[in-house]
Amino acid sequence: MRESKEKKLKRAKAIFELLLQDFPDAKCSLHYNTAHELLVATILSAQCTDKRVNQITPSLFKKYPTPKAFAYCDVMELAKDVHSCGYHNQKAKSIQGSSLMIVEEFGGEVPDHMDTLVKLPGVGRKTANCVLGEIYNVPSMVIDTHMIRIMNLLNFTNSRDAKIVEFDLMAIFKDKDWVKLTHLIIEHGRAVCIARRPKCGTCTIINLCPSAILSK
Ligand code: SF4
């Protein structure tokens, strides 16, 4: 039976509140001190774990302490420095290219608007939303694999396209909750609703999940 919009909104609110109880301290797990460091860490985190990114960023940010240092660096050397995060050539190019634009076109400041952020080389909506939410307190959701998978399981979207998922969720969750929601779902995806082996038996939102596997 089709769920009414009203029921869906109620279910979404209840799920948000239950997950907030499960993971009250959920937050961005990338380590950074400035907007630019977060931008670099987020570019590095594509197809890589935050844990691995956090292993290399302390020495990386020491070696390249400013957007200028990244902008005018030897990109081959930078690629070597970020090698362990995978896709190192592409990521080095994105980091250098976006740093160059930030230095030469934005006075060294990371832009605070989606339209401008996505003009930076290698920066898509996911990275832009991360920076907007974490640094500039702009309501935003980071649509990663956990968000796509779990929001499909919860029947809040039926798309695998990150932008469509983002807009579906914007219509269901309150904008003040968007940033926290991302962190809650990521924690939930890592600890409970694990891909291919969800722990439905211990899941606090089992009664609100249309995909619950009741025998587990
Ligand atoms: S009930 Fe199962 S499928 Fe649904 S959110 Fe919880 S762990 Fe995931």
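Given the condition crowded, with 21+ Cβ neighbours inside 10 Å and either without any contact (Cβ under 8 Å) to a residue 60 or more places away in the chain or more than 8 Å from the ligand (Cβ to nearest atom) (or both), answer yes or no: does some residue in region 208-215 qualify? No, that holds for no residue.
All of Glu109, Glu166, Glu134, Glu187 fail the test of being of a type outside the set (Lys, Arg), part of a loop (DSSP other than H, G, I, E, B) and at pLDDT 95 or above, apart from Glu109.
Scanning region 69-84 for residues that are more than 15 Å from Leu38 (Cα to Cα) and assigned to a helix (DSSP H, G or I) yields a count of 11. Beta carbons closer than 9 Å, at least 6 apart along the sequence or on distinct chains, pair a first residue in region 150-164 that is farther than 17 Å from Ala195 by Cα and hydrophobic (A, V, I, L, M, F, W, C) with a second that is modelled with pLDDT of 95 or more and within 11 Å of the ligand (Cβ to nearest atom) for Phe156/Ile15; Phe156/Ile150. Going residue by residue through region 62-83, is there one that turns out to be under 21 Å from the mean Cα position of the chain (by Cα) and touching a residue at least 40 places away in the same chain (Cβ under 8 Å)? Scanning region 62-83 turns up no residue that is under 21 Å from the mean Cα position of the chain (by Cα) and touching a residue at least 40 places away in the same chain (Cβ under 8 Å).
When the residues of region 197-216 are filtered to those that are among the hydrophobic types (A, V, I, L, M, F, W, C) and under 13 Å from Leu154 (Cα atoms), the one that is farthest from the chain's Cα centre (by Cα) is Ile213. Just one of (1) under 19 Å from Ala128 (Cβ atoms); (2) touching a His at 6+ places or on another chain (Cβ under 6 Å); (3) not hydrophobic (A, V, I, L, M, F, W, C) fails for Gln47. It is (2).
From the list Thr157, Thr182, the lone residue that is within 16 Å of the ligand (Cβ to nearest atom), under 24 Å from Glu6 (Cα atoms) and in a loop (DSSP other than H, G, I, E, B) is Thr157. Can you say whether Thr202 is in contact with a helix residue (DSSP H, G or I) (Cβ under 9 Å, 6 or more places away or on another chain) and among the polar types (S, T, N, Q), as far as the supplied structure shows? Criteria not met by Thr202.
Yes or no: region 192-199 includes at least one residue that is under 22 Å from Leu214 (Cα atoms), near the ligand (Cβ under 10 Å from one of its atoms) and buried (at least 21 other Cβ atoms within 10 Å of the Cβ). Yes; the residues of region 192-199 include at least one that is under 22 Å from Leu214 (Cα atoms), near the ligand (Cβ under 10 Å from one of its atoms) and buried (at least 21 other Cβ atoms within 10 Å of the Cβ).
The values are calculated or read from the model by the stated rules, or taken from the named source; none is laboratory data. Keep in mind it's a predicted model, so treat the numbers as computed, not measured. All Cβ positions, glycine included, derive from the backbone under ideal geometry; neighbour counts span all protein chains shown.
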